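> I have a structure here, written as structure tokens, and I will follow up with some questions on it.
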Amino acid sequence: MFRFAKFQIPNHILVIIGILLHSCQAEIPSRKYNGISLVASRDSLEESQIDRILSVNANVVALMPYAFMGSPEQPELIFDVDRQWFGERAEGIEQAISILQYRKLKIMIKPHIWIRNGQFTGNLNFSSEKDWLIFEESYRKYMLLYANIAEKHQIEMFCIGTELFNFTNERPEFWKSLMRDVRKVFNGKIVYAENWDKVDKTEIWKETDYIGVDAYFPIHDAASPEKEEIREGWKEHKNMLQELSSKYHKPIIFTEYGYRNIDHSLKKPWKSDRNYSNINNDLQARALEIIYEEFWNENWFSGGFLWKWHQYEKAGGTENDRFTPQNKPAENIVKEYYQKFRN
């Protein structure tokens, strides 16, 4: 008999309560977005290049068209022009869609902005209302071009923006109207991809279907932390993401995640400069393994898109210090854990 102050609850009632509580718990989904971010190329995507994607048990691919700005002071976006690589413009996106869908892969279209010299898009700002309006008009056209393509091909997910915090923060009415316009033409799921340090500082999640995170959280300062140190480094960030999911009643998805295979890659995982650092293939594999163990079993988490995957067979390699896991020990980790949540 369980005693509760002055009350006594019979054991058979406790059993019934336990059964009811268990039945009310959300079932952890076995199906996740096991995604890769496919780097565009100069030429058409070939079916043979899909085999390697399938071999790591990926079930969804992010296709990334690009728009360009000459500088932060030049407000009009340039996109879908002949001087872009084939895979970065509309024709190439549609060609890739056809071959990926033929091989039964799901797709997210995730447009990006590139500012000359790689300046950070999250800080975009304009000094005049005129420039804001020029930028917004070109951005709307950019989004609607690819939202219409997404609907034409019945794409599963469309990303309405990538790392644009200041834009979303300064121009909320534009984003509300943009979301309405996109939903008029696209009937799939909509996500926005915010940088890790601003994901809890925006209210755009009221309008989206997923909370998208480019998950380059700083995890540990050591050159090569061990598994439990990495796990400990995730705790604060994981708690924040779970609370965010609960606040908006939306699942979290990692619109980008990944690490370079070098020492100190968990200190500032977003860094992509080419300053020399020791190759550390084991750390990259270890860090990815912890992500899968910590997140892929959570019912408030819907999966993620590994950054990044190249189309050529010999991409990556153990002496390559970029983000891709291809031809590195990390590729086997991706394959193992994506298999566990394959649909």
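The values are calculated or read from the model by the stated rules, or taken from the named source; none is laboratory data. Model, not experiment: these values are computed from the prediction. Here the Cβ is made from the backbone with ideal geometry for all residues, glycine too, and neighbour counts use every protein chain on show.
> How many residues are closer than 13 Å to Y312 by Cβ and of a type in the set (S, T, N, Q) when one looks only at the range 45-60?
Residues in the range 45-60 being closer than 13 Å to Y312 by Cβ and of a type in the set (S, T, N, Q): 2 in total.
> Can you find, within the range 74-110, the residue that is farthest from E336 (Cα to Cα) among those that are charged (D, E, K, R), surrounded by fewer than 22 Cβ atoms within 10 Å (Cβ to Cβ) and in contact (Cβ under 8 Å) with a residue 24 or more places away in the chain? Let's see the steps before the verdict.
So the first thing to find is which residues in the range 74-110 are charged (D, E, K, R), and the list is 76, 80, 82-83, 88-89, 91, 94, 103-104, 106, 110.
When the remaining residues are screened for being surrounded by fewer than 22 Cβ atoms within 10 Å (Cβ to Cβ), the result is 76, 80, 82-83, 89, 91, 94, 103-104, 106.
When the remaining residues are screened for being in contact (Cβ under 8 Å) with a residue 24 or more places away in the chain, the result is 76, 80, 89, 94, 103, 106.
Numbers: E76: 44, D80: 37, R89: 33, E94: 30, R103: 21, K106: 20 Å.
In this case the residue turns out to be E76.
> Related question: For F186, which of the numbered conditions (1) under 30 Å from Y259 (Cβ atoms); (2) more than 18 Å from the chain's Cα centre (by Cα); (3) not basic (K, R) fails to hold?
Result: F186 fails condition (1) only.
> Follow-up question, since we're still on this one. Just to verify a result, which residue in the range 102-134, among those that are assigned to a helix (DSSP H, G or I) and farther than 22 Å from D214 by Cβ, is nearest to the chain's Cα centre (by Cα)? Don't jump to the end; show me each part of the working.
Start the filter on the range 102-134 by keeping residues that are assigned to a helix (DSSP H, G or I), which leaves 102, 116-118, 121-123, 129-134.
The next check asks that each one be farther than 22 Å from D214 by Cβ; those that pass are 102, 129-134.
Working: Y102: 23, E129: 31, K130: 32, D131: 29, W132: 27, L133: 28, I134: 28 Å.
Filtering the range 102-134 for residues that are assigned to a helix (DSSP H, G or I) and farther than 22 Å from D214 by Cβ, the one nearest to the chain's Cα centre (by Cα) comes out as Y102.
> Can I ask one more? For N148, only one of the following conditions fails: (1) surrounded by fewer than 16 Cβ atoms within 10 Å (Cβ to Cβ); (2) of a type outside the set (A, V, I, L, M); (3) touching a strand residue (DSSP E or B) at 6+ places or on another chain (Cβ under 6 Å). What is its number?
The number of the failed condition is (3).
> If E331 satisfies all but one of (1) farther than 20 Å from G233 by Cβ; (2) surrounded by fewer than 19 Cβ atoms within 10 Å (Cβ to Cβ); (3) among the acidic types (D, E), what's the number of the condition it fails?
(2)
> I'd like to check something: does the range 245-258 contain any residue that is buried (at least 20 other Cβ atoms within 10 Å of the Cβ) and modelled with pLDDT under 95?
no
> Any idea which of Y259, Y292 is on the phi < 0 side of the Ramachandran plot, assigned to a loop (DSSP other than H, G, I, E, B) and either of a type in the set (S, T, Y) or in contact with a Leu (Cβ under 8 Å, 6 or more places away or on another chain) (or both)? Talk me through it step by step, then tell me what you get.
Working: Y292 fails: assigned to a loop (DSSP other than H, G, I, E, B).
Answer to the selection: Y259.
> While we're on this one: Quick one: which residue in D51, D80, D43 is charged (D, E, K, R) and in contact with a Leu (Cβ under 9 Å, 6 or more places away or on another chain)? Break it down into steps so the answer makes sense when it comes.
On the way: D51 fails: in contact with a Leu (Cβ under 9 Å, 6 or more places away or on another chain); D43 fails: in contact with a Leu (Cβ under 9 Å, 6 or more places away or on another chain).
Criteria check complete, one pass: D80.
> Let me ask you something else. Out of curiosity, is G118 touching a helix residue (DSSP H, G or I) at 6+ places or on another chain (Cβ under 8 Å) and not aromatic (F, W, Y)?
Values: touching a helix residue (DSSP H, G or I) at 6+ places or on another chain (Cβ under 8 Å): no; not aromatic (F, W, Y): yes.
Against the criterion (touching a helix residue (DSSP H, G or I) at 6+ places or on another chain (Cβ under 8 Å) and not aromatic (F, W, Y)), G118 does not qualify.
> Keeping to the range 316-343, report how many residues are at pLDDT below 95 and either of a type in the set (S, T, Y) or touching a Phe, Trp or Tyr at 6+ places or on another chain (Cβ under 9 Å) (or both). Outline the logic, then answer.
In the first step, residues of the range 316-343 are kept if they are at pLDDT below 95; the result is 340-343.
Within this subset, residues satisfying the condition of being either of a type in the set (S, T, Y) or touching a Phe, Trp or Tyr at 6+ places or on another chain (Cβ under 9 Å) (or both) are 340-341.
The number of residues fulfilling the criteria is 2.
> Sticking with this structure for a sec: Is one or more of the residues making up the range 8-29 in contact with a strand residue (DSSP E or B) (Cβ under 8 Å, 6 or more places away or on another chain), assigned to a loop (DSSP other than H, G, I, E, B) and either loosely packed, with under 10 Cβ neighbours inside 10 Å or at pLDDT 95 or above (or both)?
No: zero hits.
> Would you say P269 is farther than 17 Å from G35 by Cβ and either part of a helix (DSSP H, G or I) or touching a helix residue (DSSP H, G or I) at 6+ places or on another chain (Cβ under 9 Å) (or both)? Working first, answer last.
Working: farther than 17 Å from G35 by Cβ: yes; either part of a helix (DSSP H, G or I) or touching a helix residue (DSSP H, G or I) at 6+ places or on another chain (Cβ under 9 Å) (or both): yes.
When the stated conditions are applied, P269 passes them.
> Oh, and also: Consider the range 311-343. How many of its residues are within 14 Å of S55 (Cα to Cα), in contact (Cβ under 8 Å) with a residue 24 or more places away in the chain and part of a helix (DSSP H, G or I)?
10
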